[in-house]
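Worksheet: the structure to be examined is printed underneath.
The values are calculated or read from the model by the stated rules, or taken from the named source; none is laboratory data. Quick caveat: nothing in here was measured; it's all calculated off a predicted structure. Ideal geometry is used to build each Cβ from the backbone, glycine not excepted, and the neighbour counts take in all protein chains shown. With ligands, DNA and RNA removed, areas are computed over all heavy atoms of the protein, side chains included. Shrake-Rupley method; radii C 1.70, N 1.55, O 1.52, S 1.80 Å.
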Amino acid sequence: MTAAAQSGAPVRGALSHIRVLDLSRVLAGPWAGQTLGDLGAEVIKVERPGTGDDTRLWGPPFLKDDQGQPTNDSAYYLCTNRNKQSITVDLTLPAGQALIRDLAKTCDVVIENFKVGSLRQYGLDYEALREINPRLVYCSITGFGQTGPYAPRAGYDFLIQGMGGLMSITGRPDGEPGEGPTKVGVALTDILTGLYACTAILAALEARNVNGQGQHIDLALLDVGVACLANQGMNYLYSGQTPHRMGNAHPNTVPYQDFPTADGYMILAIGNDGQFAKFCTVTGKPEWFDDERFRTNEARVQHRGTLIPLMRQATVMRTTGEWIALLEQVGVPCGPINTIADVFADPQVQARGMQFQMQHPVAGDIPLVASPIRMSGTPVQYRSAPPRLGQDTQAVLSRLLGLSQATIDELAQKGVLG
């Protein structure tokens, strides 16, 4: 329990003084908005009247209401839109554009992921909004960035995983069963871009505290994909050799991959020579560590083709559970390959509260995946479930812009509002 909670004082989110206007949809932008919202920011999600965020319809599965009937909100949408207020505004209409400009005057941050130049025609680009709010931090997320020959193109995670090199190092090697490039099982570059967006937004807000000025953030999925090649990118730059697919093996550390057991598979993540020596002892193969070919990691990388088959012959002699029990006792990193169901049943995951319930306006209690952020003084807060389409339009426009009910009704009749 935090000191504030112990004293009975109200706990405010770290970003409770920040208001975000979220014009983004699908995953990268909404992931950034949700993370800022979890940290306490007020996030206003602007959606198209009638249809809203594309991901609302990316199902099944769909959220069921309290009568057990499916709604128009998919599980995909629910994963990235809590702690937001939804308003529906038609950006193609001058009156809708005026509303967004007025809202931007009251906000600290704008997040958008339209194609390059698309918002300029509506007077909602960074240059236009900076004129009316010089302190605005404006984050643009695109597939390829605001500059370069690919800037006009639309970018999607699957495409970026291929173009950015990730798929070239993911999957079974040529010549093995199941060979071929493989994408990661979630839209990883979208999620990483959302996290980079949060980092950049927080840095820009801190810079604003010093110089009083906002700024434009230009984030590209392809840039993020290249940056997150990490050691594999550097391996290429320093060796001149193109990395290839290695299945679950590691290019720089051996043994660091999956191994067959008597009832399935396990992961060994041995990161140093001491851990390998312990593994050899537990396995009853101390001679492996005495072998000059295997004594050091550098030698094991060089002779992985000899060592790994020997290890596979040994690991099939016990079950996954038996291996984990033995190896954990001596500090050798190992673990199972869990299904998603296994993950949420795992005692550590449960102890960390990674699944929780929120009250939804039409469905009652719904399950959600928690934020991984743990802060002692300004903890993550779950204030509101992912909103229904346009559920906050009237409240937001009335509170922030002072619009009367008659004005809001008139705008709705004209199709400006959903």
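General remarks:
- Scanning segment 33-79 for residues that are modelled with pLDDT under 95 and hydroxyl-bearing (Ser, Thr, Tyr) yields Thr51, Thr71.
- The set of residues from segment 386-411 being in a loop (DSSP other than H, G, I, E, B), out of contact with any helix residue (DSSP H, G or I) (no Cβ under 8 Å at 6 or more places or on another chain) and surrounded by 14 or more Cβ atoms within 10 Å (Cβ to Cβ) comprises Pro387, Arg388, Gly390, Gln391, Asp392.
- Close pairs (6 angstrom Cβ cut-off, 6 or more residues apart or separate chains): in contact (Cβ under 8 Å) with a residue 24 or more places away in the chain in segment 333-350, open to solvent by 60 Å² or more (accessible area, probe 1.4 Å) and among the hydrophobic types (A, V, I, L, M, F, W, C) anywhere: Gly335/Ile267
- Matching residues in segment 364-378 - criterion: being open to solvent by less than 40 Å² (accessible area, probe 1.4 Å) and either under 19 Å from the mean Cα position of the chain (by Cα) or at pLDDT below 95 (or both): Gly364, Leu368, Ala370, Ser371
- Any hit, segment 29-45, residues being closer than 19 Å to Cys198 by Cβ, open to solvent by 20 Å² or more (accessible area, probe 1.4 Å) and either β-branched (Val, Ile, Thr) or part of a helix (DSSP H, G or I) (or both): yes
- Being out of contact with any Pro (no Cβ under 7 Å at 6 or more places or on another chain), open to solvent by 60 Å² or more (accessible area, probe 1.4 Å) and polar (S, T, N, Q) is a description that does not apply to Asn297.
- Ile267 fulfils the conditions (1) in contact (Cβ under 8 Å) with a residue 40 or more places away in the chain; (2) open to solvent by less than 60 Å² (accessible area, probe 1.4 Å); (3) under 28 Å from Gly321 (Cα atoms) except for a single criterion, (2).
- Among residues of segment 296-309 that are of a type in the set (Lys, Arg), those with a beta-carbon under 8 Å from a residue that is surrounded by fewer than 18 Cβ atoms within 10 Å (Cβ to Cβ) at least six positions away or on a different chain give the pairs Arg300/Arg293; Arg304/Ala249.
- Scanning segment 171-229 for residues that are farther than 21 Å from Asp38 by Cβ, among the charged types (D, E, K, R) and exposed (fewer than 15 other Cβ atoms within 10 Å of the Cβ) yields Asp174, Glu176, Glu179.
- Pick from segment 233-250, criterion in contact (Cβ under 8 Å) with a residue 40 or more places away in the chain and within 21 Å of Thr296 (Cα to Cα), ranking: most open to solvent (accessible area, probe 1.4 Å): Met246
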